[in-house]
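The structure is given below, and queries will be raised subsequently.
The values are calculated or read from the model by the stated rules, or taken from the named source; none is laboratory data. Just so it is clear, the model here is predicted, and its values are computed rather than measured. Backbone-built Cβ (ideal geometry, glycine too); neighbour counts: all protein chains shown.
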Amino acid sequence: MGQYFVLFNIDRLEYISYDHKFGEVIFDGSFTSILQWLVKPIGYKPRPLNLMGGTRKVSDDERKISPEMDPSPLRNALGQLAKFPDEILCMVFDNVDTLEDVVRLGFANRYLYNIAYNVVQQRYLQCRAAWAGCRLLCLGDYAESRDLPPGAFTKDEEQEIQEYCDTVDNASPYQYFTKFCDLREPSMPRVEFSIIYDLLDCSDQNGAYSTRMKNYFWAIEHPALMYGTDQLWALCNLSKNEYVRLDAVDAVLGYKAGHPLSLQDMCFSVAQVLACRICWSSEPSFALCYTELNHKGIWAGDRFEITTLDRMEPPKDGKIWKDVSDDAINEAIELWKADYGDEWEERIGDRLNRHSLKMREYNMNMIRQRWP
């Protein structure tokens, strides 16, 4: 027996449904879909708005004649728009709906191009880490309305859940969330770049500017270029100031992941470690051979993000970060030992080899697309 579990984002009112019981998806890599919503890319590097290369600057004599002239000839080429501060110009781009139109507006002027380049980066990064810092809960359909994770909900949220469950026959918190939350597809929606690529190909007059923008879009589609391959990453519990090092998970597998998104579809990763700690139900029914898994996870309803160790911000109130990698990883390992006995490492190894071949094929396809 077992119950169905759904991964809920309490703050964004979104959820990911796997349509299986916990014990059926914990071993197949399904939970790794959450990684793409939590990983914060290496960093946003804004492009200087005055960047132009070898173009001359406004001379002192010219500035004496026209004191209002900006030191950058790029900005002067804006005509009447040069009267507006950068903040106003950026607000104009913020109100442009599509990336295609952002790029079109950027090609109107090289100064505007630099703004467009930054806007493209910002919008992409906001999409990538959409769940970072949010309260997460892997909720079972046996959970009761008066048995919710302590501290996970506000008083108003708890009251609303209980009122719904009291007024609707046989209703549960699980049904409440699936009714009022938006279903989030387990996979990251691909940004439609084909239209933009065509637009850039037609922009020969922009030369190197068109090429740079195309290279950036290609980098977006290749996570290794956006997240790096030699960083030390950690799953951070922002509520309890605890973290799990991803290299500690790699040590169990004897495998260097490089960056978190290379763990997609992995049967054993930090995603499974997280799932074991944020699951919550009123009954311990997981469809697992392992019977000691805490059905009231100690991290249920906490806030999370995945970032590099050097970017972890100091906790508030003078507290310090606590490394719980060993304990958290051992909890996940026990599930494998219970189901597969002495062969658990071999089972993970077999699936890891298949995953490596799949990733190698994916990388080669990306290279062929970039350099046919």
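When you scan the range 313-340, how many residues do you find that are among the polar types (S, T, N, Q) and surrounded by fewer than 16 Cβ atoms within 10 Å (Cβ to Cβ)?
Let us first name the residues in the range 313-340 that are among the polar types (S, T, N, Q), namely 325, 330.
If we keep only those that are surrounded by fewer than 16 Cβ atoms within 10 Å (Cβ to Cβ) as well, we get 330.
Looking only at that region, the number is 1.
Just to be sure, is residue 103 hydrophobic (A, V, I, L, M, F, W, C), in contact with a Leu (Cβ under 7 Å, 6 or more places away or on another chain) and not in a helix (DSSP H, G or I)? Spell out the reasoning first.
Details: hydrophobic (A, V, I, L, M, F, W, C): yes; in contact with a Leu (Cβ under 7 Å, 6 or more places away or on another chain): yes; not in a helix (DSSP H, G or I): no.
No: the conditions fail for residue 103.
Related question: Hey, could you check the range 229-265 for residues that are in contact with a Leu (Cβ under 9 Å, 6 or more places away or on another chain), assigned to a loop (DSSP other than H, G, I, E, B) and at pLDDT 75 or above and say which is surrounded by the most Cβ atoms within 10 Å (Cβ to Cβ)?
Here the residue is 231.
Taking residue 353 as meeting all but one of (1) farther than 21 Å from residue 23 by Cα; (2) at pLDDT 75 or above, write down the number of the exception.
It is condition (2) that residue 353 fails.
Within the range 1-35, which residues are surrounded by 21 or more Cβ atoms within 10 Å (Cβ to Cβ), assigned to a helix (DSSP H, G or I) and within 15 Å of the chain's Cα centre (by Cα)?
Once the filter is applied, which keeps residues that are surrounded by 21 or more Cβ atoms within 10 Å (Cβ to Cβ), assigned to a helix (DSSP H, G or I) and within 15 Å of the chain's Cα centre (by Cα), the range 1-35 yields 31, 32, 34, 35.
Identify all residues within the range 134-176 that are exposed (fewer than 15 other Cβ atoms within 10 Å of the Cβ), in a loop (DSSP other than H, G, I, E, B) and of a type outside the set (Lys, Arg); write none if there are none.
144, 147, 150, 151, 154, 168, 169, 170
Output the residue which, of all residues in the range 301-322 that are in a strand (DSSP E or B) and under 22 Å from the mean Cα position of the chain (by Cα), is nearest to residue 347 (Cα to Cα). So that I can check it myself, show each step before the final result.
Kept after step one, since they are in a strand (DSSP E or B), are these residues of the range 301-322: 303-308, 322.
Filter once more, keeping what is under 22 Å from the mean Cα position of the chain (by Cα): 303-308.
Numbers: 303: 32, 304: 29, 305: 29, 306: 27, 307: 29, 308: 29 Å.
Step by step, filter the range 301-322, then rank; the result is 306.
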